[in-house]
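Reading through the structure tokens given below for one structure.
The numbers here are math on the coordinates, done by the rules we state, and not lab data. Just so we're clear, the structure is a prediction, and the values are computed from it rather than from any experiment. All Cβ positions, glycine included, derive from the backbone under ideal geometry; neighbour counts span all protein chains shown.
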Amino acid sequence: MTDPLLKVRGLKIGATIYPPGEKPRDIEIVHGVDFDLAPGKVLGLIGESGAGKSTIGLASMAYGRGGVEITGGSVEVNGRDILQSGLRDVRRLRGAEVTYVSQSAAASFNPAKQIMEQVTEAAIFQNKFSRKDAEARAVELFAKLGLPDPDTIGNRYPHQVSGGQLQRCMTALALCPEPDLVVFDEPTTALDVTTQIDVLAAIKEAIRDTGVAALYITHDLAVVAQVSDHIMVLQQGAMVEYGTTDQIINDPQEDYTKALVSVRSITHEEKKPTATPVLKVENITARYSGTNFDVLKNINVELHPGQTLAVVGESGSGKSTLARVITGLLPPSQGTITFDGRPLTPDLATRPLEDLRELQMIYQMADTAMNPRQTVGTIIGRPLEFYFGLRGAEKQKRIQELLDEIELGEGFQDRYPAELSGGQKQRVCIARALAAKPKMIICDEVTSALDPLVADGILKLLLELQKIEDVAYLFITHDLATVRAIADSIAVMYQGSVVRYGPKSQVLSPPFDDYTDLLLSSVPEMKLGWLEDVLAHRKMESAGN
Amino acid sequence: MHPILKLVAQRLALGLLLLFAASILIFVGTSILPGDVAQSILGQSATPEALANLRAELGMDQPALTRYFSWLGGVLQGDLGTALTNGRDIAESLGSRLGNTLFLAFWAAVIAVPLSIFLGLLAVRYKDRWPDKLISGVTLTTISIPEFMIGYVLIYWVSIQWGMFSSVAIINESMSLGQKLNAIAIPVMVLTLVVLAHMMRMTRAAILNVMQSAYIETAELKGLGMLKIIRKHAFPNAIAPIVNVVMLNLAYLVVGVVVVEVVFAYPGMGQYLVDHVSKRDVPVVQACGLIFAAVYIGLNLVADIVSILANPRLRHPK
């Protein structure tokens, strides 16, 4: 066997945390991890948030983000222990031997500089190439990564290209200095599924053609299965399982890995529509003030009591705008909304309290949807006071009931949001919405920011609560797996229109319209060779047409 | 039309509107001031007839609106009126005074602006280490001491004890540039010390804010050194807030130097204004107020426009 390019032994990483109301203290976030990576191979690091995968990835560049510090072990790159090197040597390694692709290219590109200058910067600074050669190589990489106008795209500024294109530019940035190792840190997580598949294919091809080795970090096992040779499963800073991609996907040994592989085990029986819908959206057209195009075009959907309507689409398809129209934040230019048999006034300010109470909302970022200076009890108690005038012992009793419903026990009442995990925060937001005893809740990407296993728990809870409280959900999401799990009916949105609408069984069965087909076939599946199959299939289809 | 031209044109129009509003405020403000020019010119023993005659002569018996528009009309034609107290043309006497004030402000800015930005960058480079603390400590001390105090301290040490530079900053037309600079050296030092802290702290804060961005991490992971990262990646994105605070301080250098001018007997706008306020010479006060307002609005306008130009999203629309 050839000498490993990257050899990690007993890697320990620590951080200082600042718990509210307590003294800062040091904790260990990675507890002694070992692995090797051979030249030209791809290792997938997988785990939930907090598993330490990004931290380990950055450690291969001797970099600790924020207050993170590498406290022990060794990291050898090309035979040198970079943890023992001085800053000067480490700087010579970064951007030359090891490069980095971040999750959000939009944030990782300097908005004030042209793309070309940023893509070639490391290669020139590290004396790998002259400016002319670096630029030629960048253009070559732009072309290889399937970017439009590879000759001139470098002259643009980051805001002038789309998110998916910028993510490819970031890959070009990482590959430009001809590194030995690229750390891909969730490079497709922030993209829409239809964009993700193309970027994923471009990355995979670029890795293959340049022969570079890669650490591919993601929480999505289906994605990592497409690109990596080996997979390491991490949980809370320790390795759970290591094996070939084939073995991890098809024959996982550890319980945790099995849970990851079989995530989304929820089955949900589709319910039949009732006689009278709780929400009826008719011919809704809307635009934002100061713009001259409609973001919603003639939308017609219905939601029945105690059921779930999933609204799916990519970012910019208008699904969140639809929620804004229904809640009255954005009065539509045309159309009517009927709620529980009565028309809703277009503008939030003129709606009676009863309408406000019966229509609640849960948001994607539970973090920002709660006042960080209020306790859980205060947060949940507020709608009880506001809508029902509950006070004192009565209110306390109801708060406790709600906390029981969301499976958070006693003692959570006095906690602050900062003391809760992501899943717990979202549960509190659900309790707050339920406190109003609504007929309908709009759930806007409520599981998108959560890890798969946690998201699963939230979905199960929502379904359970639906049975008990008979509440209807308008469930906005870009994630088709979630839709399969919970929807009774589905509306597929594309560029402001509903392109497909009906009961779940019907929407998800062929024949498909082009867009729904593209959307469905882009969802990564947990099997080897899926990416190639889909791309080959698409190529065949486009050749056939 | 390029969206940037439109934005800049909008800002210019807004600036003019603001200046117009300022002129109304100045006029109203000076009109409701207690006191009477006629009384102060003629003294306590003046007869009521004499007072009435003088008021009529000065046009003060006209309604306020008429006086405002005749004043504004004059201003628009470059006629700032005549001083009540000595009958001289205000534009003429203001001209050389304004020139002197701008001369002092210019040299103070030439030293203070680059110095404060450099110190700000240095403070970021050595954040929370001793150079940062030293820079912050010293500049915050100098901004906390009243400027006349710094003025006297510097006069005592620099001029009297060490014999460098003149303690009185009187300049006139016949002096050479070198002589003039020698005369204003100490006031320039005082002004620099006064404005340094604000600009330096703002530069530090603006750049530190940018240093949190993900693209700074990208630059670090390219192996770039800290100073290069600050210069190439952080500074271009911190220009807007820095220019804003620089312009505010430049405006202060023109408008707020009254105390320093008085301490050093410098023949600038400030002293001229103070003299005539005490004599209740309303037209001069109005003229000074208007010029100060114009300087403030003009410099902030420049800051606005620079911020617009520094924004790549506006400079290079999709």
Q. Going 7 Å from the Cα of residue B:138 in the Cα-to-Cβ direction, what parts of the range B:79-117 have a backbone nitrogen less than 20 Å from that spot?
A. B:108-117
(Q) Can you work out the Karplus-derived ³J(HN,Hα) for every residue in the range A:31-41? Use 6.51 cos²θ - 1.76 cosθ + 1.60 with θ = phi - 60°, whole Hz, and x for glycine or proline. (A) 10, x, 10, 10, 6, 10, 9, 7, x, x, 9
(Q) Strictly over 22 Å apart at the Cα level, which of A:539/B:318; A:7/A:41; A:41/A:539 would you flag in this model? (A) A:539/B:318; A:41/A:539
Q: Name the shape class, rounded, prolate or oblate, that the alpha-carbon gyration tensor gives for the range A:82-236, where a ≥ b ≥ c are the square roots of its eigenvalues, rounded holds for a/c under 1.5, and otherwise prolate holds if a/b is larger than b/c and oblate otherwise.
A: oblate
Q: Find how much the distance from residue A:333 to residue A:205 grows on full extension, using 0.36 nm per residue of separation minus their present alpha carbon separation; answer in nm with one decimal.
A: 41.4 nm
Q: For the range A:1-56 and the range A:394-464, compute the distance between their C-alpha centroids and round to whole Å.
A: 31 Å
Q. Cα centroid distance between the range B:270-294 and the range A:313-362, in Å?
A. 58 Å
Q) Under a 5 Å amide H to amide H cut-off, with H placed in plane at 1.01 Å, what residues pair with residue A:235 once short-range neighbours are removed? A) A:240
Q | the protein assembly as shown: radius of gyration and largest Cα-Cα distance (Dmax), Å | A | 34.7, 115
Q: Give the share of C-alpha pairs in each 5 angstrom bin for the range B:90-279, from 0 to the last occupied bin, in whole percents, shortest bins first.
A: 1, 8, 15, 17, 16, 13, 10, 8, 6, 4, 2, 1, 0, 0
Q.
For residue A:504, give me every one of the aspartates and glutamates with a C-alpha distance below 17 angstrom, ignoring sequence neighbours fewer than eight places off in its own chain.
A. A:269, A:270, A:302, A:479, A:488, A:513, A:517
Q | Stokes-Einstein D (µm²/s) once Rh is taken as the Kirkwood radius of chain B over alpha-carbon pairs, at 20 °C in 1.002 mPa s | A | 95 µm²/s
Q: Between the alpha-carbon centers of the range B:193-235 and the range B:115-177, tell me the distance in whole angstrom.
A: 24 Å
Q) So what is the relative contact order for the range A:279-509, in percent, with contacts set as C-alpha pairs under 8 Å and at least six apart? A) 30 percent
Q. For chain A, what relative contact order do you get, as a whole percent, if you take Cα pairs closer than 8 Å and at least 6 residues apart?
A. 15 percent
Q: Obtain the nm distance between the two label points defined at residue B:275 and residue A:410 by a simple spin-label model: each point lies 7 Å from its Cα along the Cα-to-C-beta direction.
A: 8.4 nm
**Q.** Amide H contacts of residue A:330 (H built 1.01 Å from N, under 5 Å, at least 5 apart or other chain)
**A.** A:325
Q | Estimated distance in nm for a label pair at residue A:378 and residue A:539, the labels positioned 7 Å out from Cα along Cα-to-Cβ | A | 6.0 nm
**Q.** Virtual spin-label span in nm between residue A:136 and residue A:49, 7 Å along Cα→Cβ
**A.** 4.5 nm
Q) What number in nm² do you get for the range A:114-185 if you take the convex hull of its Cα atoms and divide its surface by four? A) 4.5 nm²
(Q) Give me the three principal axis extents of the range A:279-509 from the C-alpha atoms, as integers in angstrom, largest value leading. (A) 49, 39, 32
Q: Could you calculate the contour length gain from residue A:81 to residue A:298, that is, 0.36 nm times the residue separation minus the distance between their Cα atoms, to one decimal place in nm?
A: 71.9 nm
Q: Rounded to the nearest 0.05, what FRET efficiency do residue A:400 and residue B:294 give with R0 = 60 Å and r taken as the Cβ-Cβ distance? Could you check?
A: 0.35
Q: Subtract the Cα-Cα distance of residue A:453 and residue A:92 from 0.36 nm times their separation in residues, and report this length gain in nm to one decimal.
A: 126.0 nm
Q. What percent do you get for the relative contact order of chain B when only Cα pairs under 8 Å and 6+ apart count?
A. 27 percent
Q: Determine ³J(HN,Hα), in whole Hz, for all residues of the range A:470-484 in sequence, where each value follows from phi through the Karplus function 6.51 cos²θ - 1.76 cosθ + 1.60 and θ = phi - 60°; x replaces Gly and Pro.
A: 6, 9, 8, 10, 9, 9, 8, 7, 10, 9, 6, 5, 4, 4, 4
Q: Quick one: of A:271/A:467; A:53/A:144; A:113/B:232, which pairs are farther than 21 Å apart, Cα to Cα?
A: A:53/A:144
(Q) At R0 = 25 Å, how high is the FRET efficiency between residue B:91 and residue B:28 if r is their beta carbon distance? Nearest 0.05 is fine. (A) 0.65
